[in-house]
Number of protein chains: 2
Amino acid sequence: VLKLPKKMKKILKNLWNVGKEDPRRVIHAMKVGVALTLVSLLYLMEPFFKGVVKNALWAVMTVVVVLEFSAGATLRKGLNRGLGTIIAGSLAFFIEWVAIHSGKVLGGIFIGTSIFLIGSTITYMRFIPYIKKNYDYGMLVFLLTFNLITVSSYRVDTVIKIAHARLYTIGIGIGICLVMSLLVFPIWSGDDLHKSTFTKLQGLSRCIEACVHEYFEDKERDQESSDSESDDEDLIYKGYKTVLDSKSADEALAMFAKWELRNTRLCHKFPSQQYIKVGSVLRKFSYTVVALHGCLQTEIQTPRSIRILFKDPCVRLAGEICKVLSELSESIQNRRHCSPEILSDSLEAALKDLNSTIKSQPKLFLGSNLHRQTVEQNDTVSPLPLNSVVSLSSLRSVKKSAATGEKRRLRKQLSKIAVMKSLEFSEALPFAAFASLLMEMVARLDTVIDEVEELGTIACFKEYDKTVEVRVEKPVNLVVGD
Amino acid sequence: VLKLPKKMKKILKNLWNVGKEDPRRVIHAMKVGVALTLVSLLYLMEPFFKGVVKNALWAVMTVVVVLEFSAGATLRKGLNRGLGTIIAGSLAFFIEWVAIHSGKVLGGIFIGTSIFLIGSTITYMRFIPYIKKNYDYGMLVFLLTFNLITVSSYRVDTVIKIAHARLYTIGIGIGICLVMSLLVFPIWSGDDLHKSTFTKLQGLSRCIEACVHEYFEDKERDQESSDSESDDEDLIYKGYKTVLDSKSADEALAMFAKWELRNTRLCHKFPSQQYIKVGSVLRKFSYTVVALHGCLQTEIQTPRSIRILFKDPCVRLAGEICKVLSELSESIQNRRHCSPEILSDSLEAALKDLNSTIKSQPKLFLGSNLHRQTVEQNDTVSPLPLNSVVSLSSLRSVKKSAATGEKRRLRKQLSKIAVMKSLEFSEALPFAAFASLLMEMVARLDTVIDEVEELGTIACFKEYDKTVEVRVEKPVNLVVGD
């Protein structure tokens with residue numbers, strides 16, 4: 001008994017991690033437990049509320065289904081459930097009334113037909129994107145309630161009484177849910193959305209830093225395989241993956257945040273739409289980061305000896321980009337406007353620096369040809385980094401092909417790589433792509449700044465306070481525009 | 001009455017489109033209608049099944065909740081519901097048994113405590129990713145059933161009887177759902193996954209074609225603004241967006257497909273995991289497409305006059321890439337292996353062609369400097385396309401800034417653009433990035449082919465039949481590898 005099996009340990013560790021990741025999950029779980037216990041007490045109060053107990057299952061059902069993680073989600077589901085029940089109840093009552101007044105057989109047929117029609121219509125309507133997004137649960141409740149009432153009342157003939165008791169208990173259930181989610185340790189989707197936004201900016205900043213760091217790293221790492229790379233790789237991958245995958249989660253949070261009236265206190269309205277916009281601009285920005293990451297993984301690489309020539313200006317430019325991203329992140333985090341000098345002069349200087357460095361090395365793009373030829377001559381003697389990369393990847397392909405037993409492709413593979421090798425220009429191209437992507441980032445940064453500033457305006461952020469920030473760097477080159 | 005308001009018309013059009021997009025939605029809606037009508041008939045059979053009617057609401061509830069769009073989803077939900085109910089019932093029965101044997105007060109406390117503990121534990125467990133993915137609904141049903149039974153039986157003392165009748169009606173409900181979803185116009189998630197995979201390949205192919213087409217288009221279109229572009233833009237954007245956004249949808253389909261045993265008939269097992277792998281490789285491939293699209297939208301553009309020099313080889317290479325993608329798409333669509341000559345010699349020839357064209361224009365990368373200086377001199381007289389682009393975008397920025405009244409950023413903006421203008425090298429870089437991305441695509445194509453061939457092997461695709469395809473082109477250059 002003392003020695004837990006391995007699987008059990010893993011499960012317990014999983015359970016622990018779930019709570020560690022977000023301790024509010026534990027609180028939410030406790031809240032659900034308390035709410036369910038409260039609802040069960042209804043049964044003990046049979047003497048006081050006679051009609052209630054029979055329908056108490058509706059209160060239990062409501063609590064189980066409606067009490068969601070965040071306040072906004074609970075409000076939304078509660079409203080969906082409430083509206084769905086009321087509308088379905090009214091419709092069921094009307095159909096019941098018609099059926100009772102048309103005789104037993106005709107009434108039965110009428111009820112059957114309406115069940116079919118309403119069932120089909122509602123199911124079909126649930127495919128409409130707008131309804132699917134906002135009222136899917138309400139539609140389900142409507143269908144459920146309508147069928148339950150119609151079918152049972154065909155026997156019982158006491159629709160109004162049932163409906164009354166049911167609404168009453170559902171009301172109790174929703175009431176308990178609201179108290180638990182709004183007053184007891186409330187969890188606000190608006191806060192989550194806010195946090196997710198500035199976390200993404202931080203992540204992107206770290207991701208760009210890691211990318212550039214890895215691109216210019218000195219040591220040759222192909223030999224050690226992907227073991228030591230995994231840390232950096234992980235950081236980069238997570239950085240942009242979080243941003244790229246955030247769309248649906250952010251949209252859900254924004255939808256829930258709409259219901260959280262608390263947020264209107266600070267300003268006119270919680271600007272959930274603007275957060276979505278910032279998110280979508282960030283996604284566009286991160287496409288460039290993905291492409292930058294692609295430069296690290298590409299099969300054809302600019303030799304390290306050439307890359308190293310451009311290390312300093314590239315690292316400097318990337319550093320400036322990261323600084324801007326961090327400043328934006330901080331500005332959102334502290335709900336203040338970002339520094340008016342966010343597009344700092346040092347960014348311009350870094351851009352210029354990279355440009356002049358590239359200009360000072362024209363032999364890279366002209367001379368790669370000659371350079372290549374010399375390499376070709378003593379290829380067998382001492383292979384350059386590039387060659388080792390290419391031959392490594394070709395070896396990998398060969399191994400893979402052989403393993404799947406597809407000999408016919410082997411020849412093709414090799415010949416394709418032979419062509420790639422003979423592309424002298426391809427040595428310079430990847431670095432050009434890398435530099436171009438860095439510059440493209442600077443250009444796209446602008447739209448990100450625009451949207452974040454717009455967010456600051458709509459959400460009534462504090463004015464930027466110079467005294468808080470200590471700027472160490474002096475502007476290097478000041479270029480005054482026309 | 002005859003003249004419908006505008007909003008009504010829009011809603012009707014929406015409804016129509018939902019059905020037009022996927023006519024199976026209409027069929028599904030009808031199926032739900034029929035299933036609900038069938039379940040309602042249970043009430044008419046009161047004389048035959050005495051115990052059933054009272055609990056018929058469980059059958060209705062089951063049909064409403066379990067009957068999903070595809071067969072796999074229905075099976076999965078049905079199993080979740082069934083298992084959840086049975087386990088919860090057993091547990092509730094055990095707790096009931098303990099409570100009855102411990103006196104009224106102690107029993108009440110015991111039940112209260114277990115409701116709290118089980119409610120909290122289950123809610124907490126629903127946060128575990130594995131359970132959230134596979135058994136979320138089962139957990140909900142468990143919680144619901146457990147609470148309903150525990151609470152109600154504290155009064156009624158007839159747990160077994162209730163559980164029996166309830167299971168019986170839930171069984172009827174699940175039975176109706178299974179018949180409707182497996183036998184009447186079944187909708188298979190496996191087929192959807194299959195279709196989604198080859199559609200994505202087609203989309204990517206069309207997307208690359210449109211990208212290259214737009215990049216080399218002759219006419220200057222900045223003036224006409226984005227109106228005429230929107231068609232092409234839409235095609236490109238949709239092409240890769242479908243691939244990038246497909247992750248969660250594909251994973252859901254694959255999960256449902258696992259339950260669809262029908263698919264095992266053809267082969268050992270439906271290779272849903274392999275479809276997921278193809279999807280993920282395609283996503284990686286499409287990052288390159290996104291970056292390529294970024295080349296069209298970038299603020300700094302290589303002048304059209306220079307781009308045009310490379311039009312033919314680029315278009316040719318892109319054409320070859322698209323040909324490979326289309327072949328892969330067809331191979332999956334017809335469930336046959338792809339052509340052994342998929343990495344055709346013409347692809348190699350196209351690569352070489354692009355390479356030699358770039359080599360023949362070294363002045364582009366060396367001379368952009370000189371070229372730029374001449375332009376600078378007669379800048380005011382006749383601005384080149386590049387200048388018009390830059391000034392257009394700067395104008396746009398100026399207008400925007402002015403509109404938001406942020407004068408302080410205006411100066412910064414202008415000065416930044418001034419720096420960008422002075423980056424002579426930046427004229428050549430964007431095209432280098434474009435060409436590099438095309439080559440990178442060829443390299444990544446390889447992994448896509450690997451995964452698709454793997455899929456063919458696992459899913460027992462037909463052998464490739466040469467006679468079907470009519471190859472018009474002759475291989476241009478045959479390079480035999482070592």
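Bear in mind that the values in this text are calculations on the coordinates, not laboratory data. As the structure is a prediction and not an experimental result, all values here were calculated from the model. For neighbour counting, all protein chains shown are included, and Cβ atoms are generated from backbone atoms with ideal geometry for every residue, glycine included.
Neighbouring Cβ atoms from other chains, within 10 Å of the Cβ of residues in B:441-447, number 4 on average. The mean number of Cβ atoms from other chains found within 10 Å of a Cβ in peptide B:122-134 is 5, as a whole number.
Here the spin labels are modelled as points 7 Å beyond Cα on the Cα-Cβ line, and at A:L79 and A:N334 they lie 3.6 nm apart. Between amide H atoms placed 1.01 Å from N, distances below 5 Å from B:R336 occur with B:K462, all of them 5 or more places distant or on a separate chain.
Here B:T199 and A:K132 are evaluated by their C-beta separation; at R0 = 22 Å the FRET efficiency comes out at 0.55.
Inter-chain neighbour count for A:61-69: the average number of beta-carbon atoms from partner chains within 10 Å of each residue's beta-carbon is 3. Sorted from closest to farthest, the other copies place their B:L12 label points 6.6 nm away, with each point set 7 Å from Cα along Cα→Cβ.
Length gained on full extension, B:I100 to B:N17, computed as 0.36 nm times the residue gap minus the Cα-Cα distance: 24.1 nm.
Note on A:K161 and B:K7: their simple-model spin labels are 4.0 nm apart, each label 7 Å out from Cα toward Cβ. What the Cβ-Cβ distance of A:S356 and A:H213 gives, at R0 = 30 Å and to the nearest 0.05, is a FRET efficiency of 0.85.
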